[in-house]
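Contents: one structure, followed by commentary.
Readers should treat all values here as calculations from the given coordinates under stated rules, not as data from a laboratory. These numbers come from a predicted model, not from an experiment. Every residue, glycine as well, gets a Cβ built from its backbone with ideal geometry; the counts of neighbours run over all protein chains shown.
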Amino acid sequence: MCGIVAYVGSKPCLPVLLEGLKRLEYRGYDSAGVAVLRPAHAGEAGPGVTTTAREVGRVMNLENAIAPRTAGFAGTTGIAHTRWATHGKVTRANAHPHAGVTAEGLTLSVVHNGTIENYASLRTLLQNKGVTFASETDTEVIAKLIADRYDAEPEGGDQPSPGESLSGFIPSTRLERATKAALRRVTGAYAVAVVCDANPHELVAARKGSPLIVGIADNGFVVASDGAAIVSHTTAAVTLADYQVVRLAAGPAGSTDAAGERHAAAWADPLHTTTLDDELLTAEVGELEMQLEEIELGGYPHYMIKEIMGQPESLRTCFRGRVDTRDGRVVLGGLTGLSRELVRAKRVALIGQGTAFHAGLIGEYLFEDLAKIPARAHYASELRYRNPIIEEGTVVVAVSQSGETADTLAAIAEAKDRGALALGAVNVVGSSIPRETDAGVYLRVGPEIGVASTKAFVGQVAVLTMMALYMGKRRYLSQADLDGYLAELERIPDHVAEIVQQSDHIKEAVEDVVTRDNWLFLGRGYNYPVALEGALKLKEISYIHAEGMPAAEMKHGPIALIDEGMPVVFVATGGSQYSKVISNIEEVKARGGRVLAVADEGDTQIDRYADHVFRVPPVSEPLQPLLTVVPLQLLAYHAAVLRGHDVDKPRNLAKSVTVE
C-alpha cells in the first residue's frame, strides 16, 4: 500500500530516492522518510555512516527538512518510503525507515510495505531480551529482529558445499543471512529493503505478498514497489516473487574503502537472488510495461483528468487485436486452450474490491445476458470468509487494476482450493494476480496514476465484455448477434471521444449544485453498477456524501432524504427500463430535487424532467456502461476541483490496497 524506493550504485542516491518518492505519491501516504549510507570519513567509527530523515505529510516536507543538511546524505546507497498508516498513528516516530542496532553498534535500517500479523508476539520476545522500541509500528519489529539475528550470525559466513569450486562460490553476506533468518519468523505480508552501515555498498530486499521490483540501470540498481519509480532510470527489471530475496551490491571487487576487502566476494555477484530457504535462483530480467511519458502530466493539471481524457486511446489499445470484425470473433490469447472448460462451466463468480467490484457487477449482467451462464459478483473480502459454494465447474474472475489487492489474492487462493478455474482481468503486467490465476486477460490501458480509478474501470468493463462474448459464442450467442456487438465495440472509443468533449458543460452543471453535501446516484439494469461507481468517485475525491442504488430502491426509504435542491443523478439511457427511470425522475422532481441525467443523444423527452443533461451516443444495453460512466467521472472530477481538493491525492486513500 505504501511506497518503497531504494538505490545502490555509483551515483549520489538522494536525488534518485526523492524523485522516486514523488513518482509514488499517487499510491497514497501520510508521511515519508529516507536513510542514506556513506563510507565513514577519517575519525568516524565503523565502515559506514547512516543518516536518516523522516517527516509527516508530503514528500516536499521531507525534502525541505533535508535541504539544510544535504552533506550528510552524500552516499550512494539508500532506502526511502512513503507510509500509509496501518499500525500506529501518523507521527514522525512511526514514519519509515526504522532502525535496529546490533551488539557491535552497527545500524540496520528497514523500509517495509505490508502488515506483520505476529508483530505483537515478536515485539514481546524482543522486549524480554532488553530491546526497546521507539514507535508503534509493526515495521520496527522487523528492524529489531534483523539486528537480533545479525548478532547471532557468524562473521565468516557460509562455505561451499563439498566438491563445489571455491572460485565459483558466492557466499551470502551477514546482512543477507540475518534478513532471511528474521523473515522466516515473520507471519504476514511484506516487501522490505534493508541496509546496514557495516557495508555502505550493499542492499538486501525481499517480498511476500507485496510487490517489489529491481530495476537494473547502468549505474546501479533501483528497487521499488512500483515501476513508476524505476522507469526514468531503466526499463530492464526483475520482478521478485513471494519468498524471494535479492542481495544487491555496488563497487568493484578490491575497492579500497573500509568495507571493500570484506565484501569483494559479494561484489563478484552484484545481483544475487535466492529463496528465503537459501535456494539459488537465476534472476529473470524483463521489460517494464510502461513509458516515462505515460506517468507524466503532459500539460494536464491532474492525472485524473489526463486519464479520463485519454480513455478513447486506452480503449483502442484494449480492443486492438481482440475485436476482430472482419472474421467475426473475439481473440483473447490469454484464454487460448480453455475453450472446453469455459463451455462446460456451471457458473461465474466475479471478485474484486471498490471500483473493481463495480466492474464485476456489470460483468454479472454481461455473463448472464451474453453467455447465458449464472453469474454473481462478490466482494473478495466477504467471499473468502463466507464458506461460499464454489465447486468444480465454477469460473472465478478476479478483477483488479494493480493485480496486488490483498483480499482478492486471498479469495483466489480460497476458490482454487475448492476446485475453481481462476481467471484474471488485471492491468499491471507481472503483478501477483496473473501469477496466481490459471489464465487471464490484461486490460492494456496503460499505467493509471490517479488514485480514483477511471480508465482502469472502463478497461475492466471492456475486458469483461469481451470475455462474456468469447464465452457466449461458444455456448449460446449467434454469429449475427456477435457481429453486431463487435461492430458496436469497434465504435466505442470514438463515442468516448465525443463524450469527453462535454467536460466544460459538465463543469457548469456541477457549479449549480456543488455546495450540497448529500447526493443520490440512481440507475437500473446495466446502469445500476454505473450509479454505484459514480457515487464512489464523488465520495473518493470531493468528500461529498453520495449513495448509489437501483432507481426502484429509492421509494423503499431513501426518498425520505430528498428535499429542495438535493442533487440526484440518474443514468437514464434508452432501453427496456427507460420509462420506469423517467417515472423515478418525476418522483424526485415532485419533491424539489435537482436532477442531473445521463441520457442518449436525440432524447428530447428527458429535457422536460432533468435540470442538466449529459449526452452519450445510443448503443446496445450491454455496452452502455462503457459510455455512461464517463460523464460521472467528469462530474466527480469537477466537483472535487471546485471544492478545492487535491484530486490526485485524496485523503486516507491508497492506489493499491495490499493490506487487509
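So here's what we get for this one:
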read-out	value
Computed magnitude of the charge dipole of region 502-660 (debye, nearest 20; Cβ of K, R +1, Cβ of D, E -1)	220 debye
Low-density loop positions, chymotrypsin sites (Phe, Trp or Tyr not before Pro), region 382-464 - DSSP coil, at most 12 other Cβ in 10 Å	TYR385
Nearest 10 degrees, 0 to 90: helix 527-542 Cα axis against the chain principal axis	50 degrees
Global form of region 299-500, assessed from the alpha-carbon gyration tensor, a/c cut-off 1.5	oblate
Label-point separation in nm, THR124 to GLU296, each point 7 Å along Cα→Cβ	5.4 nm
Extension gain, GLU368 back to GLU117 (0.36 nm per residue minus Cα-Cα distance, nm)	86.4 nm
Amide H contacts under 5 Å for SER31, placed H, 5+ residues apart	GLY57, ARG83
Within the chain: Cβ-based charge dipole about Cα centre, in debye rounded to nearest 20 (Lys, Arg +1; Asp, Glu -1)	760 debye
Estimated vicinal HN-Hα couplings, Hz - region 52-61 in sequence order (Karplus 6.51, -1.76, 1.60; Gly, Pro = x)	10, 9, 9, 9, 7, x, 6, 4, 4, 4
Amide H contacts of VAL616 (H built 1.01 Å from N, under 5 Å, at least 5 apart or other chain)	ALA599, ASP600, GLU601
Residues whose placed amide H lies under 5 Å from that of ASN118, excluding near-sequence neighbours	THR187
Förster-model FRET efficiency, 60 Å R0, GLN605 and ASP278, C-beta, rounded to 0.05	0.25
Per-pair calculated FRET efficiency, R0 = 25 Å: LEU561 and THR515 via Cβ, rounded to 0.05	0.90
In region 501-575, GluC sites (Glu not before Pro) in a DSSP loop with at most 10 other beta-carbon atoms within 10 Å	GLU564
Distance (nanometres) between label positions extended 7 Å along Cα→Cβ at GLU621 and ARG475	1.8 nm
